[in-house]
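These notes are about the structure you will find just below.
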Amino acid sequence: MIADLKPYPAMKDSGVPWLGDVPEHWVIERLKSSMSNVIQQAAERERGDLYVALEHVESWTGRLRRAGSDVSFDSQVKRFRSGDVLFGKLRPYLAKVTRPANDGVCVGEFLVLRPRVPDVAAPYVEQLLRSKPVIDAINSSTFGAKMPRADWQFVGGMAVLLPPLPEQAAIARFLDYADRRIRRYIRAKQKLIKLLEEQKQAIIHRAVTRGLDPNVRLKPSGVAWLGDVPEHWEIAALRHRYSQCLGKMLDSKRITGDHSLPYLRNTDVQWDRINIEGLPTMDISPAEYARYTVQSGDLLVCEGGEVGRSALWQGEMAVCGFQKALHRLRPRAAGRDVPRFTYYALRTAAERSAFDDGHMSTIAHLTGNKLRAHRFAFPPFSEQESLVRFLDSSMKSVDEATSTAHREISLLREYRTRMIADVVTGKLDVREAAARLPDEFDEPEPLDDAYGLPDDDELGDDADLNADLEKVET
């Protein structure tokens, strides 16, 4: 499909630096000459009104998420008609551009654009305004403001390209068709990522609750999330195997700079990863090092936020402190417990909601007393080492597959962005390709909350798309 596209035979200088050369027969004019900015205030809701806010519009694709009619609004909303182009003014670099299929109202942070002449098609203008060259030009007009906001004076005064009306329709048809196929490919990869994550959780849970021997004899653990465990494993409260310590409370009034040390915060500890870039500092005197600094092999566990989230400190810095929002776990006896095995156990416990206290209305906290009281299964030391080797190897394979899928999704999105830009600025001629496209019924697609994108549908025959992707990746 893409491989057949060729440049236009005759080009001309547009006179606009960011547009460059454009097809000779295309018209260059101000956007406000062909599109009007509709400002029709709505003071009350009409039956069936679609309500659109900025958070409902997905960046760069324009698909609507969670837009509905069961909302209240004030007099600042604008009324739009089916097919109008909504352009998000606030933070224009997010490219929140959409064309709703129903009448409704939107918040005031949208420009409501409607064709004012018969020789311009809204579907083409939607694609044009979503293209990266246009978005970059509009964003540059906000002069680096912290909360940039585009205005109609600039957007309406922009020089835009208008092909003949049949060609506008061909461009919109081609890009819609390509976008549907790319979305299907992305959804397939997202489903794969979700399955890989579920596989990862299942492998860890099986290993830390049953071990590697499928024929081992089991016993009840007495812990709901653990279930039955190998009968030779010990069930013990964490306090019997690990010493626990909360970090130092930050007191800005007492910071003198005399004993300044970098320290870790809750946000610096993610699952199996610790950030050491740009750490803040606090005063920790040498006499407090034993209590408030970390050593290689210490396990850091989040006290708040995503309670139980943990990672192993592996001596990334010579001396580093930790804040009170973190627990430090250290084995009580050398040669009895492997902290990385306990990390995997903590991860499974968190995924199985073992740290939930049932009070959903309060901020979650994993206090020292609660953490020390939690019971875990502890295999013999040598078995913990074997399980860690198995899990590290298994997680590496799953993580590599997940990273590959994420990379492919990123490439597809870059590919789509570049394709839209090349087509709407006249770098590629899609007229013949659009004429050969089969008819497709574009059904409304369910949303996948896990990724914020539509769920997958039948992929159909995507051999040509896969071939295109191989060319792009090459």
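Being at pLDDT below 95 and within 37 Å of the chain's Cα centre (by Cα) is not true of LYS253. Kindly provide the set of residues from the stretch 314-332 that are more than 16 Å from ASP251 (Cβ to Cβ), in contact with a helix residue (DSSP H, G or I) (Cβ under 8 Å, 6 or more places away or on another chain) and assigned to a loop (DSSP other than H, G, I, E, B), ordered by number. Within the stretch 314-332, VAL319, ARG332 qualify.
Looking at LEU326, LEU312, just one residue is at pLDDT 95 or above and surrounded by fewer than 22 Cβ atoms within 10 Å (Cβ to Cβ), and that residue is LEU312.
Of PHE341, PHE355, PHE381, PHE376, all but one fail to be open to solvent by 60 Å² or more (accessible area, probe 1.4 Å) and aromatic (Phe, Trp, Tyr); the exception is PHE381. Can you report the number of residues in the stretch 1-47 which are part of a strand (DSSP E or B) and of a type in the set (Phe, Trp, Tyr)? Qualifying residue count for the region: 0.
Return yes or no: is THR209 out of contact with any helix residue (DSSP H, G or I) (no Cβ under 6 Å at 6 or more places or on another chain) and open to solvent by less than 10 Å² (accessible area, probe 1.4 Å)? The answer is yes for THR209. Residues that are farther than 28 Å from SER59 by Cα, at pLDDT 95 or above and part of a helix (DSSP H, G or I) occur in the stretch 192-199; there is at least one.
Taking first residues from the stretch 99-121 that are β-branched (Val, Ile, Thr) and partners that are at pLDDT 90 or above and in a loop (DSSP other than H, G, I, E, B), the Cβ contacts under 8 Å between residues at least 6 apart in sequence or on separate chains come to VAL107/ALA53; VAL112/VAL38; VAL112/ILE39; VAL112/ASP84.
Filtering the stretch 138-188 to residues that are part of a helix (DSSP H, G or I), among the aromatic types (Phe, Trp, Tyr) and open to solvent by 10 Å² or more (accessible area, probe 1.4 Å) leaves TRP152, PHE154, TYR177, TYR185. Among residues of the stretch 371-395 that are closer than 10 Å to VAL338 by Cα and free of Cβ contacts under 8 Å to residues at least 60 places away in the same chain, those with a beta-carbon under 9 Å from a residue that is open to solvent by less than 60 Å² (accessible area, probe 1.4 Å) and outside any helix (DSSP H, G or I) at least six positions away or on a different chain give the pairs PHE381/GLY335; PHE381/ASP337; PHE381/VAL338; GLN384/ASP337; GLN384/VAL338; GLN384/PHE378; GLU385/VAL338; VAL388/VAL338. Please verify whether the stretch 215-224 includes one or more residues that are part of a loop (DSSP other than H, G, I, E, B), of a type in the set (A, V, I, L, M) and within 30 Å of LEU113 (Cα to Cα). No: the stretch 215-224 contains no residue that is part of a loop (DSSP other than H, G, I, E, B), of a type in the set (A, V, I, L, M) and within 30 Å of LEU113 (Cα to Cα). Of the candidates GLU288, GLU234, GLU277, the single residue that is over 30 Å from GLN201 (Cβ atoms) and open to solvent by 40 Å² or more (accessible area, probe 1.4 Å) is GLU288.
The values are calculated or read from the model by the stated rules, or taken from the named source; none is laboratory data. Computed from a predicted structure; not experimentally measured. Quick reminder, even Gly has a Cβ in these numbers, built from the backbone with ideal geometry, and neighbours come from all protein chains shown. Keep in mind that these areas ignore ligands, DNA and RNA; they rest on the heavy atoms of the full protein, side chains included. Shrake-Rupley method; radii C 1.70, N 1.55, O 1.52, S 1.80 Å.
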